[in-house]
Amino acid sequence: MPKKNFMTKFLALLALSGLIISNNLYAEDIINESDGEKICNANIHARKSARRINDWNQLNKLAKEFQKSCETISDNKTMSIAYADMGAANLIFKKTSKALSISEDCINIFYNNFDCHINKANALLELGNFIPANEYILSTYKLINNLIEDNRLAINSARQSTEIKQLVAERGELEKNLHDATTLLDAFYLGSLY
């Protein structure tokens, strides 16, 4: 036990000095994770970086690698994020049919990932399927609002501060998705899309 604490502190010091461990990986995580988990977590952090700088080629490549390598050790929610990344990249590359297929797979993996829904709506619009796109955007908008309400109720009944913090973070993500869906709806109804 003392050896582990020493090693954790040593790795943490190296991380702080910038000599080891990039992309927000922490020393304790590295000690407790299997090699596969380390690789998958590094991929997640690299994808976040690629997303931030709009490096769609790298994002797509990393998401495909994650899909192949991490499926057996990742939960559905985490796996769906990789699919959403691939769907977004394929929309950017104008591979609309592929983006639609990936987005549908993404929704089947984890229904509540709204990036998957937004990607699907954008793909339908890009393909000229306006009536299904409109219906899909509306149902996605309603679903997000329902989840925001569920989140509000969960926050009100939560007892532990860690649970409240997690729910508030989830609320922020839901509100971002609601904003994206609202923007898509507004653009659709104002005729600025297609």
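What follows draws every value from the coordinates through simple rules; no lab data is involved. For clarity, every value in this text was computed on a predicted model and none was experimentally measured. Note that each Cβ is placed from the backbone with ideal geometry, even for glycine, and that neighbours are counted across all protein chains shown.
In debye to the nearest 20, how big a dipole does the range 33-189 give about its Cα centre with +1 on each Lys and Arg Cβ and -1 on each Asp and Glu Cβ? Mind showing how you got there, number by number?
Working: 19 positive and 21 negative charges, 67 e Å.
Dipole magnitude for the range 33-189 comes out near 320 debye.
Any idea what the relative contact order of the range 33-189 is, in percent, if you count C-alpha pairs under 8 Å spaced at least 6 apart? Please list the in-between numbers first.
Working: 156 pairs, mean separation 23.7, N = 157.
Relative CO of the range 33-189 lands at 15 percent.
For the residue pair ASN76 and ILE53, what label-to-label distance in nm results when each label sits 7 Å from Cα along the Cα-to-beta-carbon direction?
In this crude spin-label approximation the distance works out to 3.5 nm.
Could you give the length gained by full extension between PHE93 and LEU153, i.e. 0.36 nm per residue of separation minus their alpha carbon distance, to one decimal place? Present the calculation step by step, with values, prior to reporting the outcome.
Working: separation 60, 0.36 × 60 = 21.60 nm, distance 4.00 nm.
Extra length available between PHE93 and LEU153 comes to 17.6 nm.
Which of the listed residues, LEU138, GLY128, ILE73, is farthest toward the dipole's positive end in the range 33-189, when Lys, Arg count +1 and Asp, Glu count -1 at the beta-carbon?
The residue sitting most towards the positive pole is GLY128.
Kirkwood Rh, the range 33-189, all Cα pairs: how many Å?
Computed over the range 33-189, the radius equals 16.4 Å.
How large is ³J(HN,Hα), in whole Hz, for each residue of the range 86-91 in order, when computed from phi with the Karplus curve 6.51 cos²θ - 1.76 cosθ + 1.60 and θ = phi - 60°, using x for Gly and Pro?
Residue by residue, the range 86-91 yields 5, x, 5, 4, 5, 5 Hz.
Hey, can you rank 130-143, 97-110 by average C-beta count inside 10 Å, highest first?
Details: 130-143: 16.1, 97-110: 19.4.
Final packing ranking: 97-110, 130-143.
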